[in-house]
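S.K.: Sharing a structure here in structure tokens format.
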Amino acid sequence: EKLLSQYEEKDGLALFDRSIDFGIFYFITKPLFLLISYLYLILGNFGLAIIAVTFLIKLAMYPLANKSFTSMARMKELQPRIEQLKKSCGDDKMRLNQEMMALYKKEKINPAAGCLPLLIQIPVFFSLYKVIFISLEMRHAPFYGWIHDLSAEDPTSIWNLFGLLPWGTFGILNIGLWPIIMGVTMFIQQKLSPAPTDPIQANVMKFMPLLLIFMLYSLPAGLMIYWSFSNILSIAQQYSINRSAERRTNKV
């Protein structure tokens, strides 16, 4: 990328850096690539650089995420009142929705606030995937432990207990440890959030972490590390906000 930029400046070739396919999120992907490369020079490991980028992204999104988690914590406080509304409204779904919206409006809570940080993280996730996919520097770049290539999927497999049992792995569904860590942290984060009021939706959400493990296990290990540490930081932030909400409720 540096070489292309030099040619662009030397020969006046406009947008010559676009020779690298940074994708539709070019405005995110290229700065992310430059930031990871810079942090690699400081930390000496691309895995640590990805973790540092995860922390910086979370730090930049802290005010928005804090507002979102606070809103979700207050929704959790309203769960007993929502259960009472369900009993009083019975099978009248329209009345239940109207009563719930009135309750949210009265308490000044936005039920969709929890979705905004996730929507913002989606382009970041795709951009990081693009960075790992196009970067020659990350090919065969090791992390600690069993990860010897951040651009490849986790080489361990649950089918032989991650190498503890004396047999090989299946050709498909070789689910490694990092995808499982990602799923477990997502499950914990889900437990800290208020459950959906619709029981069918709530049951579907319970299986979402497991579904994502099976859907995403073959993605590069670098992405699994990013998502796992992002979840861990979110868990710490959400737990802190929930504790503050509980102390506030107990005082009342």
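S.K.: Quick one: length gained pulling Lys87 to Met205 fully straight, 0.36 nm per residue minus the C-alpha distance?
M.R.: The Lys87-Met205 span can extend by a further 40.2 nm.
S.K.: Rounded to a whole number, what % of the accessible area of region 64-140 do carbon and sulfur atoms account for, probe 1.4 Å?
M.R.: 61
S.K.: Ok, one more. What does the extension gain come out to for Ile188 and Met94, with contour length at 0.36 nm per residue minus their alpha carbon separation?
M.R.: Extra length from Ile188 to Met94 when fully extended: 30.6 nm.
S.K.: For the pairs Lys106/Lys206; Lys58/Lys206; Lys30/Lys67; Lys67/Lys106; Lys76/Lys206, note any where the Cα-Cα span goes beyond 21 Å.
M.R.: Going by Cα-Cα distance, Lys106/Lys206; Lys58/Lys206; Lys30/Lys67 fall outside the 21 Å limit.
S.K.: Solvent-accessible area per residue for region 25-98 at a 1.4 Å probe radius, Å²? Please list the in-between numbers first.
M.R.: Details: 4310 Å² over 74 residues.
Per residue, region 25-98 has an accessible area of 58 Å².
The values are calculated or read from the model by the stated rules, or taken from the named source; none is laboratory data. In this text the structure is predicted, and so the values were computed from the model without any measurement. These area figures cover heavy atoms from the full protein model, side chains too; ligands, DNA and RNA do not enter into them. Shrake-Rupley method; radii C 1.70, N 1.55, O 1.52, S 1.80 Å.
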